[in-house]
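Engineer: Please find one structure pasted underneath; my questions will follow.
The values are calculated or read from the model by the stated rules, or taken from the named source; none is laboratory data. The model shown is predicted, which means the values in this text are computed figures rather than measured ones. Because the Cβ atoms are built from the backbone with ideal geometry, glycine has one as well, and the counts that use them run over all protein chains shown. When the accessible area is computed, the model is the full protein with side chains, heavy atoms only, and any ligands, DNA or RNA have been set aside. Shrake-Rupley method; radii C 1.70, N 1.55, O 1.52, S 1.80 Å.
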Amino acid sequence: RNHKRHTTCRNDITMLNAPLLALFESLIPSDEEKLKQKQLLTLLENLVRKEWPNARLFLYGSCANSFGFPKSDVDVCLQMDLGDIEKSEVLLKLAKIFESDNLQNVQALTRARVPIVKLMDPVTGISCDICINNVLAVVNTKLLHDYARIDVRLRQLAFIVKHWAKSRGVNVTYQGTLSSYAYVLMCIHFLQQRRPSILPCLQRMQVTYYITVEDVECAYFDQVEKLQNFGAQNRESVAQLVWGFFHYWAYCHDYANDVISVRTGSMISKRGKDWTRRVGNDRHLICIEDPFEVSHDLGRVVDKHSIRVLREEFERAAEIMQYDPNPCVSLFEPY
Ligand code: ATP
Ligand code: MG
C-alpha cells in the first residue's frame with residue numbers, strides 16, 4: 001500500500017480552501033437552531049423536576065461538543081440518585097411523563113446497550129435521546145468542546161470529515177463503521193501530530209479540571225482560553241489538513257501495530273494495550289483509544305468486512321484530494 005504514498009500534495013491545493021470553508025460554514029447550525037435545542041432542554045427539565053426535584057439534565061454529544069450538524073439529534077443525560085430504583089423503571093416512568101405532555105414518538109429502549117428514552121418535540125421537530133447517569137459521556141463532550149476552542153481548524157476539519165463519513169455511509173456503528181465521536185478523536189489526534197502541532201495534549205498538561213466517574217479519573221487542563229495561539233506556528237490551511245488526514249488514514253497509519261491516543265497525544269502500541277488479538281467481539285482492526293476509558297477501543301465495532309470498506313473509503317478520499325479536478329463534489333458523492 002505504501003507505494004501509493006504521495007511525497008507531496010497537489011500544487012493547486014490552496015484553490016480548495018475557499019470551497020471547503022464555504023462547505024464548513026454551510027454545515028454549522030445557526031443560533032436559532034441552538035436556541036431551539038436549549039428550549040427543548042428547559043421543557044424537559046421542568047417535566048422531569050416535577051417528578052424528581054433533584055434531577056439534573058445535561059446536554060452531551062454533538063449538540064454540546066460543537067461538532068453538531070443542524071439536524072442532529074439532541075443527546076440528553078439525566079443525572080439523579082437512583083437509590084434502589086431500577087434504571088428501566090425510571091425510563092418507563094419518563095416515557096409516561098413525556099407522552100402525557102404531548103411529546104411524539106416516545107419510546108423507552110430499556111434493553112439497549114445504553115438504555116434510553118427517545119422522543120420528538122412536535123413544536124421544533126427536534127428528536128431527542130435521554131439516557132441516565134452517563135456522566136462519562138458528558139465529560140468527554142466537554143473535552144471535545146474544549147479542544148474545539150483552541151484552534152478553529154479542528155472544527156473545520158471535523159465537520160468536513162463527518163460530512164464525508166455520513167455521505168459515504170461510513171458513520172454507522174451497527175454496520176461496523178465508526179461513530180462521529182471516533183472521527184472527531186481521529187481529527188484531534190491528527191492535529192496533535194502535525195509539526196508544528198496545531199493542538200496540544202490537554203491530558204498531559206497541568207490539571208485544572210478533575211472529576212472521578214465510576215473509578216475513572218478524568219483530569220486535564222481546561223483553561224483553553226490561555227491556548228488561543230497554540231497552533232499559530234503551523235500555517236496549514238483546511239485544504240492541506242483534509243488532504244493530510246485522508247492521506248494518513250489511507251497510506252500511513254500502521255493498522256497492525258498502532259493505537260491512536262488523544263490522551264497521550266501520540267501513537268501507542270497495540271501490544272502494550274493487549275489489543276493484538278480478538279477477544280470476544282473486539283477485533284481491534286483499527287484502534288482508537290477513548291481518552292478516559294482507556295480500555296475502551298472505539299474501533300471495536302469494526303469487523304473483517306467493514307475494515308475493508310473503511311480503508312477503501314480512506315483511499316478513495318485520498319485519491320480524490322490528490323487528483324480529482326473537483327474534490328468538493330466527488331468527495332461527498334452519495335455511495
Ligand atoms: P452525530 O452528529 O452523528 O449525532 P455525536 O457527536 O452526537 O454525532 P455520537 O457518536 O452519536 O456522536 O455520540 C454521542 C456522544 O456519546 C459522544 O459525544 C460521546 O460523548 C458519547 N459516545 C458515543 N460513542 C461512545 C463510545 N463508544 N464511548 C464513549 N462515549 C461515546
Ligand atoms: Mg448524536
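Engineer: Scan region 1-60 for residues that are hydrophobic (A, V, I, L, M, F, W, C) and either in a loop (DSSP other than H, G, I, E, B) or in contact with an Asp or Glu (Cβ under 8 Å, 6 or more places away or on another chain) (or both) and jot them down.
Structural biologist: If we filter region 1-60 for residues that are hydrophobic (A, V, I, L, M, F, W, C), which is where we start, we get 9, 13, 15-16, 18, 20-24, 27-28, 35, 40-41, 43-44, 47-48, 52, 55, 57-59.
Matches in region 1-60: C9, I28, L40, L43, L47, W52, A55, L57, L59.
Residue-by-condition table, conditions (1) in contact with a Phe, Trp or Tyr (Cβ under 9 Å, 6 or more places away or on another chain); (2) at positive phi; (3) charged (D, E, K, R):
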position	(1), (2), (3)
Y210	yes, no, no
V213	yes, no, no
Q223	yes, no, no
E236	no, no, yes
Q240	no, no, no
Y251	yes, no, no
V259	yes, no, no
M267	no, no, no
R277	no, no, yes
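Engineer: (1) farther than 30 Å from I150 by Cβ; (2) within 16 Å of ligand 2 (Cβ to nearest atom): which one isn't true of V48, the others all being true?
Structural biologist: V48 satisfies every listed condition except (2).
Engineer: Suppose we keep only residues that are open to solvent by 50 Å² or more (accessible area, probe 1.4 Å) and not in a loop (DSSP other than H, G, I, E, B) within region 272-295. Which one would you say is nearest to ligand 2 (Cβ to nearest atom)?
Structural biologist: V279
Conditions (1) of a type in the set (D, E); (2) farther than 30 Å from F221 by Cα; (3) not assigned by TED's automatic domain parsing to the domain that holds M186, marked per residue:
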| residue | (1), (2), (3) |
| --- | --- |
| T264 | no, no, no |
| M267 | no, no, no |
| W275 | no, no, no |
| E289 | yes, no, no |
| D303 | yes, yes, no |
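Engineer: Scan region 165-187 residue by residue and report those that are within 16 Å of ligand 2 (Cβ to nearest atom), farther than 20 Å from Y248 by Cα and not β-branched (V, I, T).
Structural biologist: Correct list: Y174 only.
Engineer: A further question follows. Given (1) near ligand 1 (Cβ under 10 Å from one of its atoms); (2) more than 22 Å from C77 (Cα to Cα); (3) open to solvent by less than 20 Å² (accessible area, probe 1.4 Å), where does K166 come up short, assuming only one miss?
Structural biologist: Evaluating K166 over (1) near ligand 1 (Cβ under 10 Å from one of its atoms); (2) more than 22 Å from C77 (Cα to Cα); (3) open to solvent by less than 20 Å² (accessible area, probe 1.4 Å) leaves (3) as the failure.
Engineer: Test F69 against the criterion of being over 30 Å from E236 (Cβ atoms), aromatic (F, W, Y) and within 15 Å of ligand 1 (Cβ to nearest atom), and give yes or no.
Structural biologist: Considered against the rule, which asks whether it is over 30 Å from E236 (Cβ atoms), aromatic (F, W, Y) and within 15 Å of ligand 1 (Cβ to nearest atom), F69 comes out as no.
Engineer: Regarding N46, is this residue at positive phi and more than 16 Å from ligand 1 (Cβ to nearest atom)?
Structural biologist: no
Engineer: Follow-up question, since we're still on this one. Among the residues of region 211-224, is there at least one that is part of a helix (DSSP H, G or I), more than 16 Å from G61 (Cβ to Cβ) and free of Cβ contacts under 8 Å to residues at least 60 places away in the same chain?
Structural biologist: No, the conditions are met nowhere in region 211-224.
Engineer: Cβ-Cβ below 6 Å, separation at least six or inter-chain, first residue in region 64-75 and more than 20 Å from R149 (Cα to Cα), second more than 9 Å from ligand 1 (Cβ to nearest atom): which pairs?
Structural biologist: D73/S127; V74/Q37; V74/I126; V74/C128
Engineer: Could you tell me whether T14 is open to solvent by 40 Å² or more (accessible area, probe 1.4 Å), touching a Ser or Thr at 6+ places or on another chain (Cβ under 7 Å) and not charged (D, E, K, R)?
Structural biologist: yes
Engineer: Okay, moving on. Open to solvent by less than 10 Å² (accessible area, probe 1.4 Å) and assigned to a loop (DSSP other than H, G, I, E, B): which single residue out of L178, L157 fits that description?
Structural biologist: Details: L157 fails: assigned to a loop (DSSP other than H, G, I, E, B).
Going through L178, L157 in turn, the sole match is L178.
Matching residues to (1) in contact with a helix residue (DSSP H, G or I) (Cβ under 9 Å, 6 or more places away or on another chain); (2) open to solvent by 30 Å² or more (accessible area, probe 1.4 Å):
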| site | (1), (2) |
| --- | --- |
| E45 | no, yes |
| W52 | yes, yes |
| L57 | yes, no |
| S62 | yes, no |
| V74 | yes, no |
| K96 | no, yes |
| N102 | no, yes |
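Engineer: Filter region 189-239 for residues that are touching a helix residue (DSSP H, G or I) at 6+ places or on another chain (Cβ under 9 Å), among the β-branched types (V, I, T) and closer than 21 Å to H296 by Cβ and give the result.
Structural biologist: Matches in region 189-239: I211, V213, V216.
Engineer: Give me the pairs: first residue in region 123-144 and touching a residue at least 60 places away in the same chain (Cβ under 8 Å) and under 14 Å from R56 (Cβ atoms), second residue surrounded by fewer than 23 Cβ atoms within 10 Å (Cβ to Cβ) and of a type in the set (K, R), beta-carbon distance under 9 Å, and six or more apart or on different chains, which are they?
Structural biologist: As it stands, the answer is I130/K118, since those pairs meet every condition given.
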